[in-house]
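Enquirer: Below is the structure I would like to discuss, written out as structure tokens.
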Amino acid sequence: MDLAFPFGFDRSGRTASATNQDQHIRDLIEQVLLTAPGERVNRPTFGTGTAQLVFAPNSDTLAIAQQKLIQAGLQQWLSDLIQVQSVTVENDDATLLVTVQYTVIQTQRAQAAQFVVGGAA
């Protein structure tokens, strides 16, 4: 069963599940991006800490460093589901736009997902 993210309940009161595999994988990528290392008790290295960048000064250097952290985190935690093709991080004032291009291993379909962190998300 592929749980929906964020965790919730459906209309029948049961645990909500993802609508399809593509949505589930996108949800997993979002979890890796927005979870801070140390946030999960049994997986202290899980996550990239991208959500914490709301409080950091935005710069090109920060965007490049975060790009490397995101790519490494996705490869570490989701390499059995996806093959990361590229990660781009663009900074614009108080906002980071993260674009992840990947291939779903099971179906060999290329996908792209965008996430806005900070600012007027």
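The values are calculated or read from the model by the stated rules, or taken from the named source; none is laboratory data. From a predicted model like this one, the values you see are computed outputs, not experimental measurements. Note that we place each Cβ from the backbone using ideal geometry, even for glycine, and neighbour counts take in every protein chain shown.
Enquirer: Looking only at residues that are of a type in the set (Asp, Glu) and part of a strand (DSSP E or B) in the stretch 83-115, which one is modelled with the lowest pLDDT?
Expert: Step by step, filter the stretch 83-115, then rank; the result is 92.
Enquirer: How about the stretch 79-119: which of its residues are among the small types (Gly, Ala, Ser) and in contact with a Ser or Thr (Cβ under 7 Å, 6 or more places away or on another chain)?
Expert: Those that are among the small types (Gly, Ala, Ser) and in contact with a Ser or Thr (Cβ under 7 Å, 6 or more places away or on another chain): 110, 112, 118, 119.
Enquirer: Another one. Given the conditions (1) assigned to a loop (DSSP other than H, G, I, E, B); (2) at pLDDT below 90; (3) not aliphatic (A, V, I, L, M), which single one is not true for residue 24?
Expert: That leaves (1) as the condition not met.
Enquirer: Have a look at 51, 94, 72 and point out the one that is farther than 25 Å from residue 20 by Cα, in contact with a Leu (Cβ under 8 Å, 6 or more places away or on another chain) and of a type in the set (A, V, I, L, M).
Expert: Only one candidate qualifies: 51.
Enquirer: Next question. Hey, could you check the stretch 29-77 for residues that are surrounded by 15 or more Cβ atoms within 10 Å (Cβ to Cβ) and on the phi > 0 side of the Ramachandran plot and say which is nearest to the chain's Cα centre (by Cα)?
Expert: Taking the candidates together, the pick is 47.
Enquirer: Which residues, counting only those in the stretch 83-121, are in contact (Cβ under 8 Å) with a residue 60 or more places away in the chain, closer than 17 Å to residue 51 by Cβ and not small (Gly, Ala, Ser)?
Expert: 98, 100, 115, 117
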